Amino acid sequence: MRRFIFAIALTVIAAVPAFADVRIMSSAGGPVISYLDFFSKVRRSGERVIIDGPCLSACTLVLSTIPRNRICVTSHAVLGFHAPIVADRYGRKFHSREITRAINATYPPAVRTWIKHNGGLTQNVILLRGPELARMYPRCP
């Protein structure tokens, strides 16, 4: 009887379709919490992330959340980094060195090194793309 149940379980598991891919085609960023929540769900799901266009600002937290072996990039992929913008309880916006350091520390070492060599996280957006990005993340098949 146990063998029969085990065989049924294997059949059901084999019949489940493979995980879908999450494709980032254009993301200008937004609230960090929203992106962290979304990428945490993607991480738990086991889905692969395909970066296939601009992934700017908070979208780059995909690199901090999803394991490298589940991220691939296309020739259209562009990652845009800058210092986070913080709003206080009155809606005033400012930059925080402490928060910028904390966000920077979440990126993988190769990305942190690239950011440092390109001026660091400042108010100006720096773009990682092309061969430099392809050296850090595999091309999508």
Return yes or no: is Pro141 within 23 Å of Ser26 (Cβ to Cβ), surrounded by fewer than 16 Cβ atoms within 10 Å (Cβ to Cβ) and modelled with pLDDT of 95 or more?
no
Residue count, the range 104-129 (criterion: touching a residue at least 40 places away in the same chain (Cβ under 8 Å) and assigned to a helix (DSSP H, G or I)):
2
Kindly list, by first and then second residue, each pair from a residue in the range 12-37 that is within 15 Å of Ala77 (Cα to Cα) to a residue that is outside any helix (DSSP H, G or I) and modelled with pLDDT under 95, limited to pairs with Cβ atoms under 7 Å and residues at least 6 apart or on different chains.
none
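The values are calculated or read from the model by the stated rules, or taken from the named source; none is laboratory data. Fair warning: this is a prediction, and the values are worked out from it, not measured in the lab. FYI the Cβ positions are ideal-geometry reconstructions off the backbone, even for glycines, and counts take in every protein chain you see.
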